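Engineer: Sending over a structure as C-alpha cells; questions will come in a sec.
The values are calculated or read from the model by the stated rules, or taken from the named source; none is laboratory data. Just so you know, these numbers come straight off a predicted model, no measurement behind them. FYI the Cβ positions are ideal-geometry reconstructions off the backbone, even for glycines, and counts take in every protein chain you see. Only protein heavy atoms, including side chains, enter the accessible area calculation; ligands, DNA and RNA are left aside. Shrake-Rupley method; radii C 1.70, N 1.55, O 1.52, S 1.80 Å.
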Amino acid sequence: MRRRSAAAALLIAQNSSAFTLPPSWSCSRPMAEQTTAAALTPLDHELESWASSSGYGGIDKSIPSGSSGWASFRKVTVTDPPSSSDCNDGGDNKKVEFFVKSSSRSSEEMFHGEALGLSAMYACAGGGEDALRIPKVYQYGDYSDSKGSYLIMEYLNLAGRSDDRALGKAMARMHMAPASEEAGNPTGAFGFAVDNTIGGTPQPNPWTKPSSGTEEWIAFFRDHRIGHQLTLAGDPYCSNIWDNDIAPRLHLLFEDLTGDKEIRPSLLHGDLWSGNIGSADGRPSVFDPAVYWGHHEAEWGMSWCAGFGPQFWEGHRSLIPQDEGFLDRKPLYDAYHQLNHYNLFGGGYIGSARGHLENLKRKLNAKK
C-alpha cells in the first residue's frame, strides 16, 4: 500500500544523517540525570520499568526520532544492553539499540497486530546471512497509570534496497517456514491471530480449519479477500462478473495444486511493494506488513508496484519453483490489491480491477 510508513519515515531520517550523530545524541545524559530538568512522562516510566525487569539496567538515552499521524518514535539505549546475537542479525554480536513507538490510543488498537505480525515474520525469517532482517519485538502494552500505549522493538539501521537476488531468496525462506506455535500458527491454518489492515482498509483474517489445504485456501481468498473488497467497493460490474463468472469456477484455477502440491500455509508480508523494501546490516529487510498465512503466490499481488526483476525471481525460484498455473492465478491476486487501491483512493484503479477480473473470466472460459 503506497503511503509513507513509520519505517519509511525512519529510513528517510537515516538517509539524511539524522541518526549519524546528532547533537542531541552526542551530548544527551542518562535519563536518571535528566529527571531534575523535567518530570518523567508515562512512556519514560514504562521504559524504565521494562529495562529494569528485563535485566538491561536503566535507560541511558531516549531521543525523539519523528512521528507519523498516529504515533511518535524514539531511539532508546539502555545501560546494560543485550547482544545482537540474541536477534537474527547473522552473528554480528553488537549491542542492541531499541526503536520505540508510542501512541495516545490503546495497545490493542495500535500495536497488538503489528507486534504479532513482526514476531511471526521474525520467527519465519530464520537466521543467517541469507535471511530477512526483521526487528525483534521486545515488549508492547498499555501505560500502567495513564491513557496510551507503546511498542519496543530492535532498532535497525535501515538503508535502501540492495541485492534483489538475496531478497528473492530470503522471501522464499520465509514462505517455506512451516506453520508453528512459535510463529503463531500451531494448527496449520490460513488466516491470522488478529484482523489487521492493508493501508487503511480492514483485512479480516479468520482462521480456517486445522491442517488446511487448497480447498480451504480457495474459500478463504474468495470470501475474505476478493469478496470483502468487492463489498467495500460496491461496483456492480465487478461484483456481477465475480459472483456469476469467477467465484463458482474458482477451483479450476487451482487444479495443479492438489496431492503432493497441495497449498500449505505460508507466512506472507501481505503488502509487498517497493516502499516497504529496504536493507539492514547488509541484508534485505521488509517492513510495514499486513501479515497473514496464505498461498505464497498471493505475496506477488503488488508486484506491479514492486519492481521485481530477473534477479529477484532467480533468487526466489531457486528455492520455490514456479508452479504450472501461476500465470493463470496472477490476475486473481493482483485484483485484490487493485480493488484495495480503489477502496482507498478511487479513480482508475477500478478499471484495472475490472481488467483483471475479465482476464480471469477468459482464462476460466478457456478451461471448459
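Engineer: Specify the residue that is surrounded by the fewest Cβ atoms within 10 Å (Cβ to Cβ); the eligible residues are those in segment 104-129 that are in contact with a helix residue (DSSP H, G or I) (Cβ under 8 Å, 6 or more places away or on another chain) and touching a residue at least 60 places away in the same chain (Cβ under 8 Å).
Structural biologist: So, considering only residues that are in contact with a helix residue (DSSP H, G or I) (Cβ under 8 Å, 6 or more places away or on another chain) and touching a residue at least 60 places away in the same chain (Cβ under 8 Å), the one surrounded by the fewest Cβ atoms within 10 Å (Cβ to Cβ) is MET121.
Engineer: Among the residues of segment 130-150, which ones are open to solvent by 10 Å² or more (accessible area, probe 1.4 Å) and of a type in the set (Val, Ile, Thr)?
Structural biologist: VAL137
Engineer: Please indicate, with yes or no, whether at least one residue in segment 329-342 is among the polar types (S, T, N, Q) and in contact with a helix residue (DSSP H, G or I) (Cβ under 7 Å, 6 or more places away or on another chain).
Structural biologist: Within segment 329-342 (the criterion being among the polar types (S, T, N, Q) and in contact with a helix residue (DSSP H, G or I) (Cβ under 7 Å, 6 or more places away or on another chain)), the answer is yes, since at least one residue qualifies.
Engineer: Among the residues of segment 151-189, write down those that are out of contact with any helix residue (DSSP H, G or I) (no Cβ under 8 Å at 6 or more places or on another chain), open to solvent by 40 Å² or more (accessible area, probe 1.4 Å) and under 22 Å from PHE111 (Cβ atoms).
Structural biologist: Result: GLU181, single match.
Engineer: Okay, next question. Mind listing just one residue for me: the one in segment 316-368 that is out of contact with any Asp or Glu (no Cβ under 9 Å at 6 or more places or on another chain) and hydroxyl-bearing (Ser, Thr, Tyr) and, of those, nearest to ASP243 (Cα to Cα)?
Structural biologist: It comes out as TYR336.
Engineer: When VAL96 is evaluated against the numbered criteria (1) closer than 25 Å to ALA170 by Cα; (2) open to solvent by 40 Å² or more (accessible area, probe 1.4 Å); (3) hydrophobic (A, V, I, L, M, F, W, C), which criterion, by number, is the only one it fails?
Structural biologist: VAL96 satisfies every listed condition except (2).
Engineer: Would you mind listing the helices (runs of 4 or more DSSP H) fully within segment 252-368 where at least 1 residues are touching a strand residue (DSSP E or B) at 6+ places or on another chain (Cβ under 9 Å) and surrounded by fewer than 21 Cβ atoms within 10 Å (Cβ to Cβ)?
Structural biologist: Hits in segment 252-368: 326-345.
Engineer: I'm told ASP80 meets every condition in (1) open to solvent by less than 50 Å² (accessible area, probe 1.4 Å); (2) closer than 29 Å to GLU46 by Cβ except one. Can you identify the failing condition by its number?
Structural biologist: (1)
Engineer: Show me the helices (runs of 4 or more DSSP H) found entirely inside segment 1-87 where at least 1 residues are at pLDDT 50 or above and closer than 30 Å to ASN196 by Cα.
Structural biologist: Of the helices (runs of 4 or more DSSP H) lying wholly inside segment 1-87, those with at least 1 residues that are at pLDDT 50 or above and closer than 30 Å to ASN196 by Cα span 6-15, 42-53.
So that you can scan it fast, the table gives a plain yes or no per residue for (1) under 15 Å from ALA166 (Cα atoms); (2) hydroxyl-bearing (Ser, Thr, Tyr); (3) touching a Phe, Trp or Tyr at 6+ places or on another chain (Cβ under 6 Å):
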residue	(1), (2), (3)
PRO289	no, no, no
HIS295	no, no, yes
TRP300	no, no, no
GLY309	yes, no, no
LEU319	yes, no, no
ASP323	no, no, no
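Engineer: Quick one: which of TYR342, TYR292, TYR349 is under 23 Å from THR231 (Cβ atoms) and touching a Gly at 6+ places or on another chain (Cβ under 7 Å)?
Structural biologist: Criteria check complete, one pass: TYR292.
Engineer: Give SER162, SER180, SER146 a once-over and let me know the one that is in contact (Cβ under 8 Å) with a residue 40 or more places away in the chain, within 30 Å of ASP44 (Cα to Cα), outside any strand (DSSP E or B) and small (Gly, Ala, Ser).
Structural biologist: So the residue among SER162, SER180, SER146 that is in contact (Cβ under 8 Å) with a residue 40 or more places away in the chain, within 30 Å of ASP44 (Cα to Cα), outside any strand (DSSP E or B) and small (Gly, Ala, Ser) is SER146.
Engineer: Moving on to the next point. Kindly indicate whether ILE218 is farther than 16 Å from ALA120 by Cβ, among the aliphatic types (A, V, I, L, M) and open to solvent by 20 Å² or more (accessible area, probe 1.4 Å).
Structural biologist: yes
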